[in-house]
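To keep things clear, I will list the structure first and then write my remarks on it.
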Amino acid sequence: MSRKNTTCLLPKKGQQLRCHCGCLAVLRPAEEVCKPPFPGAMAYVCSNYPRCDSLVIADPVTKQPRGSLADSNLRRLRYLAHNQFDRLHQSGRMTRKEAYRWLAHVTQSPAGHAHIGHMGAYYCQVVIRESKKLLQDPNPNAGRIRPNIGGEYHAAAQ
Ligand SMILES: [Zn+2]
């Protein structure tokens, strides 16, 4: 099996996480390489750092990477996309579950597999744009996708 096909996936037992540039990722204190999102955060950082500045924050409990390694540009985009997306359920417009169903729809992901931490720049921009649009939509049902009836979709007003 080609090593190339295993990049950006969660490491399996006994397998090491690799950066999209092909280098191994190493677990380091996040404060050495970025602004840590919480105290004591650890990050998987490309072993070619700082020539390649890709990294991903590790879960504080499981130590699993919270997505795929991303360079500073993509990390910024993912951050912005998450901020916009979170407003959909934080505003009370929809439940968290409904918001994730909507996220899967707009990013054309299978239900339950839409994770901003795995998205590339293109889908981050889609999430930012569509979330903003939805937040401004006066129709309270906009963006609500009813499950089990063919994924009927209440499109947001243009
Ligand atoms: Zn790298």
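The values are calculated or read from the model by the stated rules, or taken from the named source; none is laboratory data. Given the structure is predicted, the values throughout are model-derived calculations rather than measurements. All Cβ positions, glycine included, derive from the backbone under ideal geometry; neighbour counts span all protein chains shown.
Pairing residues of region 70-92 that are outside any helix (DSSP H, G or I) with residues that are charged (D, E, K, R), at Cβ distances under 6 Å and at least 6 apart in sequence or on separate chains, gives D71/D53.
I128 meets the conditions (1) more than 16 Å from the ligand (Cβ to nearest atom); (2) under 28 Å from Q16 (Cβ atoms); (3) modelled with pLDDT of 95 or more; (4) surrounded by 15 or more Cβ atoms within 10 Å (Cβ to Cβ) in every case but one. The failed one is (2).
Looking at region 55-69, can you tell me whether even one residue there is under 30 Å from A142 (Cβ atoms) and in a loop (DSSP other than H, G, I, E, B)? The answer is yes; a qualifying residue exists. Just so you know, in region 19-51 the residues that are within 9 Å of the ligand (Cβ to nearest atom), touching a residue at least 40 places away in the same chain (Cβ under 8 Å) and of a type outside the set (A, V, I, L, M) include one that is farthest from K63 (Cα to Cα), and it is H20.
Provide a single number: the residues in region 1-18 that are at pLDDT 90 or above and near the ligand (Cβ under 10 Å from one of its atoms).
Selection size over region 1-18: 1.
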